[in-house]
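> Once you've had a glance at the structure underneath, I'll fire off some questions.
Read-outs throughout are calculated quantities, based only on the coordinates presented, and are distinct from any laboratory measurement. In this text the structure is predicted, and so the values were computed from the model without any measurement. With ideal geometry, Cβ positions are generated from the backbone for all residues, glycine too; neighbour counts draw on all protein chains shown.
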């Protein structure tokens, strides 16, 4: 049997607008229950939703970044369902005429690239948050639920991919690229742990080229969880098929602690959402000037930037990807590389030691105490043979902690020179042993011999021995 | 435009309505009449008329992204029959 895994993703992104999608309540994260609600987001009769211009703007921007076509005239629909996370009993969403469709996102897997189709990007509102009170904390076994509508009505962009992904690795790469793309656009903070970026997956296994049954996976709250869940599910479906069983079409819940998926509901009882056009909202018709302005204002996106970093600076793809993950980090690199030092070395220091220092101290690149000039200086000091790469690690650490320039640190600490006595002792001993004649002359009081011996010590250390300390030791030994 | 008993049962299920056999039959007749009535619209010649989801000739009605004060949790849950610490309390789901 020849297996092929087929994965499609559905991603929800909370837009970081100040106010909600259809009312003026704050769209900020969290807060005490129901402190960010009003008659509109509570669905009171007679209230009227009015769309947030910036949310529409940001969704168009996202759609353009994913190479989608912007729909000339799109409309909102009501998605009807019974679940207490929406007080209206429906969610305002888009259905058959979304704001955009037909895009692509290209992922680079090293040995190959894959162009993943983007079915659509549409705009909807987020739902409220349910806290299930009872033993398990999950729906099953709960005694009752508490509903908080602070999140209800926050603008949500939904991105649907075509089933073009073939491995969990590809799915993870796609999510990472999408994540950094959205961050570049500065339209969402994309925090998976806070739920401002959420991902569901459809996964099936085709056997000998014939399509398999699709299973939906929910509750994947990190890139790692997504990768593990898809790997688990891929194996589960293959095993089921190999054992002669049948994969059931259903929605499964990923349990991160157990590392397994379990059935949530079967498609048999799938919802019938009875979509109909939202009568309280008029159509969206973004004019050409608006769309053109957004298109022209698009920043260079991470995928393009990786390719440029590889061709322009000669970086490896891995380092280029690390540096372009965050727009500010990529900017930092370009600024540092523009100061005349070897860009490959500059990139390695940023992606390596500086990255680790930032990580450990939980500092963002924007407030990094080592400026781009300092980093360039560090590389210059190494290239000029002033300090070794090993010494540079300590210099960078000190620069990070004190904010001093690497050159200043090197000068102040005399780091260019070997001043350590025990190290010099050994060196002097070697020099004396190798030059018995000169040593004898020194013992006879010939000052000329000291100069010769010092020259040998300097030669051995490539000029890095501290002259005063070295000559003191020679005198001590030979007089 | 008669609709079947199965359709009535499906719609009743979606609306979370428990209907007796008699009520179902009554609904079947009434819903059929409603559909019959609405169906007359399709007799009108709509050649060259664009699909209309709204009767008002407006597009792009927006508000600016400005936060205004919300109501209090006390006001929000004021009409709820069951509330707890500012949250709406609902019977267990499923």
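> What angle do you read, to the nearest 10 degrees and between 0 and 90, between the alpha-carbon axis of helix A:372-383 and the longest principal axis of chain A?
Once rounded, the angle reads 40 degrees.
> Sorted from fewest to most neighbouring beta carbons within 10 Å, what does the list B:10, A:253 look like? Display every interim value, and only then the final one.
Working: B:10 13, A:253 18.
In increasing order of surrounding Cβ atoms, one gets B:10, A:253.
> Which FRET efficiency, nearest 0.05, do residue A:262 and residue A:335 yield, Cβ-Cβ r, R0 51 Å? Don't skip to the end; give the middle numbers.
Numbers: r = 49 Å, r/R0 = 0.97.
With R0 = 51 Å, the Cβ-Cβ based efficiency is 0.55.
> How tilted is helix A:168-185 with respect to the longest principal axis of chain A? Cα atoms for both, answer in degrees (0 to 90, nearest 10).
90 degrees
> Suppose only helical runs count, i.e. DSSP H with n ≥ 4. What mean residue ellipticity at 222 nm does that imply for chain A under -39500 (n - 2.57) per run, divided by all residues and rounded to the nearest 500 deg cm²/dmol? Please list the in-between numbers first.
On the way: 16 runs with 187 residues, N = 479.
Estimated from H runs of four or more residues: -12000 deg cm²/dmol.
> Another question about this same structure. Once fully extended, how much extra length lies between residue B:23 and residue B:92, figured as 0.36 nm per residue of separation less the alpha-carbon to alpha-carbon distance? Kindly include the intermediate steps, with their values, before the conclusion.
Working: separation 69, 0.36 × 69 = 24.84 nm, distance 2.86 nm.
So the extension gain works out to 22.0 nm.
> Please compute, for the alpha-carbon atoms of segment A:19-72, the extent along each of the three principal axes and give them in descending order in Å.
Principal-axis extents of segment A:19-72 (Cα, largest first): 38, 27, 12 Å.
> By its C-alpha gyration tensor, with a ≥ b ≥ c as the square roots of the eigenvalues, how is the protein assembly as shown shaped: rounded for a/c under 1.5, else prolate for a/b larger than b/c, else oblate?
prolate
> Express the Stokes-Einstein translational diffusion coefficient of segment B:1-41 in µm² s⁻¹, to the nearest whole number, given a Kirkwood radius over alpha-carbon pairs, 37 °C and a viscosity of 0.692 mPa s. It would help to have the intermediate numbers written out before the result.
On the way: Rh = 10.4 Å.
Value of D from the Cα-based Kirkwood radius: 316 µm²/s.
> For chain B, what is the calculated [θ] at 222 nm in deg cm²/dmol (nearest 500), taking -39500 (n - 2.57) for each run of four or more DSSP H residues and dividing by its residue count?
Values: 3 runs with 33 residues, N = 94.
Rounded to the nearest 500, the figure is -10500 deg cm²/dmol.
> How do B:24-37, B:65-78 rank on mean C-beta neighbours within 10 Å, highest first?
Highest mean packing first, the order is B:65-78, B:24-37.
> Same structure again: Once you keep just the Cα pairs under 8 angstrom separated by 6 or more residues, what percentage relative contact order results for chain B? Mind showing how you got there, number by number?
Working: 35 pairs, mean separation 19.4, N = 94.
With pairs under 8 Å counted, the relative contact order is 21 percent.
> Which of A:422, B:4 has the fewest other C-beta atoms within 10 Å, and how do the rest follow up to the most? Numbers along the way, then the final one.
Details: A:422 7, B:4 10.
Placing the least packed residue first, the sequence is A:422, B:4.
> Just need the Rg to Rh number for segment A:355-460, please, alpha carbons only, Kirkwood Rh. Can you show the working numbers first?
Numbers: Rg = 19.6 Å, Rh = 16.3 Å.
Rg/Rh for segment A:355-460 comes to 1.20.
> Mind running the shape call on chain B? Use the C-alpha gyration tensor, a ≥ b ≥ c as the square roots of the eigenvalues: rounded below 1.5 for a/c, prolate if a/b tops b/c, oblate otherwise. Working shown, then result.
Details: a/c = 4.04, a/b = 1.25, b/c = 3.24.
Note, shape of chain B comes out oblate.
> Pairs of alpha-carbon atoms within less than 8 angstrom and 6+ residues apart define the contacts here; what relative contact order does chain A have, in percent?
Details: 844 pairs, mean separation 65.6, N = 479.
The value is 14 percent.
> Just to be sure I understand the model, the point goes 7 Å from the Cα along the line to the Cβ. What's the resulting residue A:274 to residue A:211 distance in nm?
Reported label-point gap for residue A:274 and residue A:211 is 2.9 nm.
> Using a simple spin-label model with points 7 Å from Cα along the Cα→Cβ vector, what separation in nm is obtained for residue A:109 and residue B:5?
Computed distance between label sites residue A:109 and residue B:5 equals 5.4 nm.
> Report the calculated FRET efficiency for residue A:448 and residue A:412 (r = Cβ-Cβ distance, R0 = 41 Å), to the nearest 0.05. Write out the running numbers ahead of the final one.
Numbers: r = 34 Å, r/R0 = 0.83.
Working from the Cβ atoms, E equals 0.75.
> So for segment A:233-354, averaging the separation of alpha carbon pairs under 8 Å that are six or more residues apart and normalising by length, what relative contact order in percent results? Walk me through the intermediate numbers first.
Numbers: 71 pairs, mean separation 15.3, N = 122.
Once normalised by length, the contact order is 13 percent.
> A further question follows. Apply the a/c threshold of 1.5 to the C-alpha gyration tensor of segment A:196-349 and tell me whether it is rounded, prolate or oblate.
Values: a/c = 2.85, a/b = 1.47, b/c = 1.94.
Taking the square roots of the gyration eigenvalues as a ≥ b ≥ c, segment A:196-349 is oblate.
> With each pseudo-label sitting 7 Å past Cα toward Cβ, what's the residue A:317-residue A:461 distance in nm, one decimal?
Spacing of the two 7 Å Cα→Cβ label points: 4.7 nm.
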